[in-house]
1. In whole percent, how big is the carbon plus sulfur part of the accessible area of the chain, probe 1.4 Å, protein atoms only?
2. Along the Cα→Cβ direction, 7 angstrom out, place labels at M97 and L110. What is the inter-label distance in nm?
3. Considering only protein heavy atoms, with the full assembly of protein chains and a 1.4 angstrom probe, order R14, R50 by accessible area, largest first.
4. So how far apart, in nm, are the two label points at Q34 and Q63 if each is 7 Å from Cα heading toward Cβ?
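The values are calculated or read from the model by the stated rules, or taken from the named source; none is laboratory data. All figures in this text were calculated on a predicted structure; none of them were measured in a lab. Methodologically, a virtual Cβ is constructed for each residue, glycine included, from the backbone with ideal geometry; neighbour enumeration extends over all protein chains shown. For the accessible areas, the whole protein counts, side chains as well, though only heavy atoms, and no ligand, DNA or RNA atoms are used. Shrake-Rupley method; radii C 1.70, N 1.55, O 1.52, S 1.80 Å.
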Amino acid sequence: MANDVTTLISQAWRYQREGRATAAVAEYERILKQDANDIDALYGMGLAQRDDHQNAKATEYFQRALELVESAAAARRPVSSGEERIANNTPEDDRYMMLSRMIKQRLTELGSAK
């Protein structure tokens, strides 16, 4: 299934590069039917909706992706440290930190900063 999702995401990104937002949305919908919490698909869907001038929908997808990223990052923090950092310097921590920044930037661009 992971390979299938990777293929679908690749196809959706291809559609977006080609300026075919509606086709990208359809691909992301297929992914999200399999896993409603797929962060990459939620982020991509936000981009596709934005490109299709559906800013309210884009905002919803970006906010959902951000919630999942922040939740995943928080779950990775050491419980006893009390530090307010996302990253523990692993590739997964770095990924969450970058996704958080990118999503917040998209929300700011849409005028919906959280």
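1. Values: 3200 of 6680 Å².
Percent of accessible area from carbon and sulfur atoms in the chain: 48.
2. Spacing of the two 7 Å Cα→Cβ label points: 2.6 nm.
3. Values: R14 95, R50 70 Å².
Accessible-area ranking of R14, R50, largest first: R14, R50.
4. 2.8
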